[in-house]
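Just below is one structure, and these are the notes that go with it.
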Amino acid sequence: MSSVVTRFPPSPTGFMHIGNARTAIYNWLFARHHDGKFVVRIEDTDRARHSEEAVEAIFKGLDWLGLNYDNEPVSQFAQRDRHIEIAKQLLESGQAYYCYCSPEELTEMRETAKKEGRSAVYDRRWRDRDPSEAPEGVSPVVRIKAPIDDGESVVNDLVQGEVRVKHENLDDFIILRSDGTPTYLLSVVVDDHDMGITHVIRGDDHLNNTFRQKIIYDAMGWDLPHFGHLPMILGQDGAKLSKRHGAVSLEDFEAKGYLPEAVLNYLLRLGWSHGNDEIISRAQAIEWFTLDHVVKSAAKFDYDKLESLNAHYMKEADDERLIALMTPFLHERHKLAIDEIAKTRLLKGMTELKDRAKTLLQLTDEGAFYAKETPYDFDEKAQATLADDAKPVLETLLTQLTALNSFTADDVQQVCKDVAGNLRDGKLGKVAMPLRAALTGTTVSPSIFHAAEILGQEETTARLAFALEKIK
Ligand code: GLU
């Protein structure tokens, strides 16, 4: 299958919903697996809500996930003349017709259909009516002729299997509005045809549309692409995943400090499997991805699982890259910048930092102290740790640490043990905790003995002196 062409046709909403992101990932993987093409089409026909920033968000999202695309992206809006041309062709071949129904007539039909329990609403009153009967001054819509026999249409969906719809449930739907603009159903079919799309892989909320779109393909005598409809993503409560469940856009996850490879791996596994594999590299995903193992039922989004995957990828990530990724967070959250000294310290401390961190936010918060300079603030817990009885402990520590000739983590730890030994309860924590508060301004960090070694004797003792100053 060397001629596979898949597509990602988002409507620019201003952010990339993770359901959309997963659709993009599956289309991208399917194309790459088959050595085919992955193309992007921006469904920008809603001009009232259109904005360049919203379009940007899509490309940013694709870029963040590392989903490269082939060909120039297509603007659906720019193709509208072509869509109109196809509607005209369908009119000429008698497969579409003008409908002059008034809104009142349509309301009446809707009510009748509801009463009779029919899903098809329009009663086709203009389908065979002579155009000479057209009322004056009414701009008509154009409707396509849906099959009216008592048969059914069948689509062999690559995910859902065989799906059937009775023709009695298919309406003569509108392809051109009364203002002459093409409808979504028409535009998508024409674009997919013109772009040579072989596989339409999208959310199963579009399954009904597939049967409508098939009517246009059939009327034009165009080959139907293959379809694969992906189940929805739900929250843990079984409702469609939305903001109220937590983060739902790629932008949210990026802002919460997730790595793109973790999000990609998570979304890949959400609705697709390869045996029991959980950690799947990009190369493996391309090698293994087919639609055969897409699950048919909706998948529940599990934030904890994503977090543990993220923790895994944090450990694997290159240290320099992590520092680069921390930089904006460090600025935003701590008003700190990373100079050469901070970078050297962070590189030394990174193995320990990233071993603990589940997200870049945690990495940033727990590593921030390496970038600090005195004077810095102590958070509430650190202030509490530094209160009262910590003072004599810190004074002794300062004296003994200043006197050290060698300043390794072990040396620092030994001093702390000695100091603790002289305390009434002899607990190391009674010394290590104030030391941590003094050196970091917080109460959470990797081994404070290692941290002291990385900061060095001069900085460590300077910070201790600064903390003592604060206690006064
Ligand atoms: N623009 C549509 C959406 O974002 C995509 C439709 C399709 O995949 O055919 O839902």
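What follows draws every value from the coordinates through simple rules; no lab data is involved. In this text the structure is predicted, and so the values were computed from the model without any measurement. Here Cβ is always computed from backbone atoms with ideal geometry, including for glycine, and neighbour counts include all displayed protein chains.
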Dividing the helical contributions, -39500 (n - 2.57) per DSSP H run of n ≥ 4, by the residues of the chain yields a 222 nm value, nearest 500 deg cm²/dmol, of -15000 deg cm²/dmol
Alpha carbon centroid spacing (whole Å) that separates the range 116-163 from the range 61-113: 15 Å
Scattering profile of the chain from the Debye formula, Cα beads only, expressed as log10 I(q)/I(0) at q = 0.07, 0.08, 0.13 Å⁻¹, is -0.54, -0.64, -1.16
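Over the range 140-280, what is the relative contact order in percent, taking alpha-carbon pairs closer than 8 angstrom and at least six residues apart?
20 percent
Rounded, prolate or oblate: which one fits the range 378-472, using the alpha carbon gyration tensor with axes a ≥ b ≥ c (rounded when a/c is under 1.5, else prolate when a/b beats b/c, else oblate)? The partial results should precede the final answer.
Numbers: a/c = 1.41, a/b = 1.16, b/c = 1.21.
Note, shape of the range 378-472 comes out rounded.
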Quick check: pseudo-label points 7 Å beyond the Cα along Cα→Cβ at MET220 and ASP63, how many nm apart are they? 3.2 nm
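Given Cα pairs under 8 Å that are at least 6 residues apart, what percent is the relative contact order of the range 115-192?
32 percent
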Contact order relative to length for the chain, counting C-alpha pairs under 8 Å separated by 6 or more residues, stands in percent at 12 percent
Arrange the peptides 103-113, 446-456, 152-162 so that the one whose residues have, on average, the most other Cβ atoms within 10 Å appears first. 446-456, 152-162, 103-113
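Count charges around GLU469 for me, please; just the other residues with Cβ under 13 Å from its Cβ, Lys/Arg as +1, Asp/Glu as -1. Can you show the working numbers first?
Working: positive: LYS391, ARG463, LYS470, LYS472; negative: GLU395.
Value of the local net charge: +3.
With a sphere of radius 12 Å drawn around the Cβ of ARG22, what net charge do the other residues whose Cβ falls strictly inside it have (Lys, Arg +1; Asp, Glu -1)? Walk me through the numbers before you get to the answer.
Working: positive: ARG202, ARG269; negative: none.
Neighbour charge sum, excluding ARG22 itself: +2.
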